[in-house]
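Read-outs throughout are calculated quantities, based only on the coordinates presented, and are distinct from any laboratory measurement. Since we're looking at a predicted model, the values are computed, not measured. Because the Cβ atoms are built from the backbone with ideal geometry, glycine has one as well, and the counts that use them run over all protein chains shown.
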Amino acid sequence: MKISYISRSNTWNDRQIIKEAEKLSIDLEKIDNLKDLNNSEIYDSLGDVVLWRSSLLEPRSGRTTLLNILDKSEKIIINRSLIDYPAVIFKQFQQEYLRQNTKDILTIPTFTFQNKKDLVNGVKEGLLKFPFIKKPNLGAKGEGIKLIEDNGEIDLLTDEEVYKSVFQNFIKNDGDYRVLVVGGKPIGAIKRVGEKGSFVNNVSMGGEALAVTDGSLKIEMFKIASQVAGIFNLGFCGVDIIQDTESQKLYFLELNTVPQWEGFQKCTGINVAEKLLGYCQDLAKRKSQSAKTLVKKYYLGDLENLANRKFHFLTRMFLWTRDEKYLEELKYLKKDYFGRSENDFRKIIKKIFADKDIYQKRIYNKKDFRVKSANKYPLLGVYSELLFRNLMSKNIFGENLYPILKEFMPDEELLQIRTGLLESKKDVLNLSTFAINYLYFLEEYFPDNQTVQINIKQLLQLTEEKDFGSQQKKSAELMNNVYFLTHIIIGASRFYRNKINRDREDYLQVLKILEKIVEQNYIKLSLDTKLELLVCAKLLNTESSLRTRIEQEAALSLSPIGNFLIDTMNAKREKSPRGWLGSEHRNVLYIMLNSK
């Protein structure tokens, strides 16, 4: 494998790349004179991987033209976002594109004006309030940023300066954050604090870099950075985030497609050049290794940075494989979910009850048709969360939490919710996985109570409802019903702990119904759904008739920025998570399918 490193500079970052390549015995050639699109010799000599940093070509035409040529020649390009979104270097585009493509990340309203007169009018109309920030639409390293505090400072600006700048209302902060992303994976975070009296936090402008030690904050920033990188198809980037000191909310600040990392590396101790070159090697392996091998290595090789998805990933892998290495990792996370003592766990329970609205909203999951049913059971979200933790504690650590949980969840209330669900077919179908999971959670919670045992024939009757798997159903409702079926099977396995032997013929009937719906609505359903179907077949110790088709789709669904699966072929693919962390669910299913 040969890497062509295109950079017209000779900075510390460039020298690190070259140094690490020599240390790792990687064939790397630095090209610093790329300025002529007609020089065919350069095309012929470029390596398998093109690591783009800078060139003498004009950014929006020459660079984009060349990268498109290389893309068509099947070169692996880092970063290919420069092809997909040539305007990604502009701050206004970054904010607006992100705002249009996700509601999960807070963006900053960003304005442009033709001249000073328009800017003054913008202030009069209330778009901006003093003080506000002026920064170059195309710029880096904190250069050209000004805090505009009154009309007198607007007068000092030129029309040209206004035209080339973007304007944002000032967010009170005590610094901002940089998360570095390599291969779509957040690898670390630093806090940048400006010099005393300065509102600019960039290290290049005299700011100080500090390690982020708050684990919860780091997880939230990793979630944002992973999603931003996925949306913009950026394998290597710096995602800047700012926290409002009054509301404590995190906002996307800006994106750097050519990040510097000297301050980051000194602060975190992370060898960025080594990781970047390793990423280049990972992508190059696509020509010689299967998707299932690539995906497995990509996640198992970086468990530490799985942030909020780590517990989900490790529990599934341990329950599926019973490999002790996953259990050892889970032991480190145990305190976060169950505390270090019984009193710790009681505190966690009280916190969950205090946040009951958050857990209830998880049931809605932006699906309006669930709201009415969910509102009939206002504690279903909290109870489901606690019952799930009990099931995981028993399955993984062999510890029954019932003696503590019963202090907070009266048995009769839990059973009343069960009765209410089973008396309303509409509620069970609307609430889908939440209803089915709840029923199975109670089986585990009350193991000696025969009255809470699942009646699979009763559940099968629900699938006979009119239009249950109809092609006329909206995608969200259809997906809802498909997950209802998959979780009938997953729940019966005690969430991947056992293969299913009891009432196996009835569960095979569930699988047949599931396969029929998926086959008839194949393009309308997500890749996650299809992979979950295959997992259900494995739990029943059988093969799905759709296995080959689904596996072929998965093999063609690698992300352009890393060796993980995204949804590339289905009707709602634009709404599907594209980041490494957000895609963990479909990827762990894929890894499970390819693990013993």
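Using the scaling law 2.2 N^0.38 Å as the reference, what is the normalised Cα Rg of the stretch 501-589?
Working: Rg = 13.7 Å, N = 89, 2.2 N^0.38 = 12.1 Å.
For the stretch 501-589, the normalised Cα radius of gyration is 1.13.
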(message) What whole-number distance in Å separates the alpha-carbon centres of the stretch 216-280 and the stretch 339-398?
(response) 31 Å
(message) I need to check one value: relative contact order of the chain, counting alpha carbon pairs closer than 8 Å and at least 6 residues apart, in percent.
(response) 12 percent
(request) Filter the cross-link list 530/575; 310/394; 249/361; 2/285; 2/287; 516/596 down to pairs whose alpha-carbon distance in this structure exceeds 22 Å. (result) 516/596
(message) Can you return the aspartates and glutamates within cross-link range of residue 297? Criterion is Cα-Cα under 13 Å, with same-chain partners fewer than 8 residues away left out.
(response) 282
(message) Which of the three applies to the stretch 88-275, rounded, prolate or oblate, going by the alpha-carbon gyration tensor with a ≥ b ≥ c and a/c under 1.5 meaning rounded?
(response) prolate
(request) Return the percentage of antiparallel bridges among DSSP beta bridges fully within the chain, rounded to the nearest 5 %. (result) 70 percent
(request) Highest first, please rank the peptides 230-241, 298-309, 436-447, 150-161 by the mean number of other Cβ atoms sitting within 10 Å of their residues. (result) 230-241, 436-447, 298-309, 150-161
(message) From the C-alpha coordinates alone, can you work out the Kirkwood hydrodynamic radius of the chain, in Å?
(response) 26.6 Å
(message) Once each part is reduced to its C-alpha centroid, what is the distance from the stretch 132-192 to the stretch 543-584 in angstrom?
(response) 36 Å
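Fewest first, what order do 313, 264 take by the number of other Cβ atoms within 10 Å?
313, 264
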(message) Relative contact order of the stretch 349-479, please, whole-number percent, based on alpha carbon pairs below 8 angstrom and at least 6 residues apart.
(response) 22 percent
(request) Mind checking which lysines have their Cα closer than 18 Å to the Cα of residue 134? Skip sequence neighbours fewer than 8 apart in that chain. (result) 91, 116, 117, 124, 146, 164, 172
(request) Only helical DSSP H runs with n ≥ 4 go in: add -39500 (n - 2.57) per run for the chain, normalise by residue count and round the 222 nm mean residue ellipticity to 500 deg cm²/dmol. (result) -14500 deg cm²/dmol
(request) First measure r as the distance between the Cβ atoms of residue 15 and residue 333, then evaluate 1/(1 + (r/R0)^6) with R0 = 41 Å and state the FRET efficiency to the nearest 0.05. (result) 0.60
(message) Suppose each label sits 7 Å from its Cα in the direction of the beta carbon; what would the residue 547-residue 451 distance come out to in nanometres?
(response) 4.3 nm
(request) Could you pull out every one of the aspartates and glutamates with an alpha carbon less than 18 Å from that of residue 129, ignoring same-chain neighbours closer than 8 positions? (result) 118, 149, 150, 153, 155, 244, 246
(request) Express the relative contact order of the stretch 325-388 as a whole percentage, based on alpha carbon pairs under 8 Å and six or more residues apart in sequence. (result) 25 percent
(message) Please report the net charge: other residues with Cβ closer than 10 Å to the Cβ of residue 320, K and R +1, D and E -1.
(response) +4
